[in-house]
Amino acid sequence: MPRIFTPKVITANALMEGDVVYLTADDLWTRHHREAELIDDEAHAQVRLLDAERRCDEVVGPYLADARTTPDGPAPAHFREVLRTRGPSNYRHGKQVGLV
């Protein structure tokens, strides 16, 4: 029995800054998970990933990450991806600067 495809987003790290980024439906990189394109078709996800992998002058390590639908847009479906949305693990860098 074939497995059911879980919706995905494409994530990577920005080449210059190292920030976690997500691919939007209009082919831009965003730092906000909720703005990512939620892909619910496996073939389309693979094509989008191949496109992202060709953009090696912008990002490193693109991959498909499980996501779920929420009223605010896609949300991470795995704890690893939740941690990636929060930025570095210390309060002096990245997305957590404003939390000090």
Rounded to the nearest 500, the 222 nm mean residue ellipticity computed for the chain from DSSP H runs (n ≥ 4, each -39500 (n - 2.57)) alone is -6000 deg cm²/dmol
Counting only protein heavy atoms with a 1.4 Å probe and every protein chain in place, the carbon and sulfur fraction of the accessible surface of region 8-94 in whole percent equals 52
According to the Kirkwood expression over distinct Cα-Cα pairs, how big is the hydrodynamic radius of the chain, in Å? 14.0
The answer for the chain, accessible area per residue at 1.4 Å probe in Å², is 66
Could you compute the net charge surrounding residue 80? Neighbours are other residues with a C-beta less than 12 Å from the C-beta of residue 80; K and R count +1, D and E count -1. 0
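The values are calculated or read from the model by the stated rules, or taken from the named source; none is laboratory data. Just so you know, these numbers come straight off a predicted model, no measurement behind them. Note that each Cβ is placed from the backbone with ideal geometry, even for glycine, and that neighbours are counted across all protein chains shown. For the accessible areas, the whole protein counts, side chains as well, though only heavy atoms, and no ligand, DNA or RNA atoms are used. Shrake-Rupley method; radii C 1.70, N 1.55, O 1.52, S 1.80 Å.
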